Amino acid sequence: MTAVLPERSTRRAPERAPRPEPKQVGTKPSLAVVDPRYRTPAQRRTRARVMGLLVLMVVASALFGLVTSHVALTQGQFRLEDMRAKAGVEQARYERLRLEVAELESPGRIVAAAQERLGMVSPPGITYLSPIGPVSDVAADEADEAAAEDWSTVKPQLASRP
């Protein structure tokens with residue numbers, strides 16, 4: 001008795017060998033040639049388990065890679081925040097140092113240090129020297145005008161030369 005099974009796909013199912021009738025004990029069972037593509041239900045279950053295990057390993061590996069990349073990204077974010085905090089501290093220090101340098105370079109501080117530490121004194125008067133001769137503080141403007149006049153007399157003579 002054989003039952004006709006409906007076809008499940010366009011691929012033809014392998015033909016099964018007829019099962020031998022139970023024989024009496026002590027006799028050899030008859031052997032039949034089986035199609036090499038035929039797989040027993042146990043082989044199919046084993047193959048399904050192996051494929052399921054492979055799919056599970058691929059999914060687990062993908063999840064592990066995703067978690068690893070997320071951890072690396074988070075660690076990079078922490079390092080970035082730490083560097084930003086350090087940059088803010090260093091920027092404030094830089095501004096304090098610039099203010100300190102400006103205070104140390106101020107002319108008032110330099111004059112005070114020269115008078116206190118070196119014993120220097122301010123001069124009673126300042127005399128400016130020019131090519132024309134000594135000029136006092138009051139006559140400095142007049143010296144500038146005289147130099148401009150001298151230049152206007154010299155300039156035409158220089159312009160004629162190549």
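The values are calculated or read from the model by the stated rules, or taken from the named source; none is laboratory data. On a predicted model such as this, the values are computed, not experimentally measured, just so you know. Positions of Cβ are generated from backbone atoms using ideal geometry, with glycine treated the same way; all protein chains shown enter the neighbour counts.
Assorted remarks:
Every residue, every condition in (1) surrounded by 10 or more Cβ atoms within 10 Å (Cβ to Cβ); (2) assigned to a helix (DSSP H, G or I); (3) under 24 Å from the mean Cα position of the chain (by Cα); (4) of a type outside the set (S, T, N, Q), yes or no:
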position: Val67; (1), (2), (3), (4): yes, yes, yes, yes
position: His70; (1), (2), (3), (4): yes, yes, yes, yes
position: Gln75; (1), (2), (3), (4): yes, yes, yes, no
position: Met83; (1), (2), (3), (4): yes, yes, yes, yes
position: Gly88; (1), (2), (3), (4): yes, yes, yes, yes
position: Arg93; (1), (2), (3), (4): yes, yes, no, yes
position: Arg98; (1), (2), (3), (4): yes, yes, no, yes
position: Leu104; (1), (2), (3), (4): yes, yes, no, yes
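- Residue-level check: of (1) in a helix (DSSP H, G or I); (2) among the acidic types (Asp, Glu); (3) under 30 Å from Arg16 (Cα atoms), Asp35 misses just (1).
- Of the set (1) surrounded by 10 or more Cβ atoms within 10 Å (Cβ to Cβ); (2) part of a helix (DSSP H, G or I), all apply to Glu116 but (1).
- From the list Arg93, Arg79, Arg98, Arg109, the lone residue that is modelled with pLDDT of 90 or more and in contact with a helix residue (DSSP H, G or I) (Cβ under 8 Å, 6 or more places away or on another chain) is Arg109.
Here's the yes/no breakdown for (1) modelled with pLDDT under 85; (2) out of contact with any strand residue (DSSP E or B) (no Cβ under 9 Å at 6 or more places or on another chain):
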residue: Pro29; (1), (2): yes, yes
residue: Ala48; (1), (2): no, yes
residue: Met51; (1), (2): no, yes
residue: Leu54; (1), (2): no, yes
residue: Arg84; (1), (2): no, yes
residue: Glu103; (1), (2): no, yes
residue: Pro134; (1), (2): yes, no
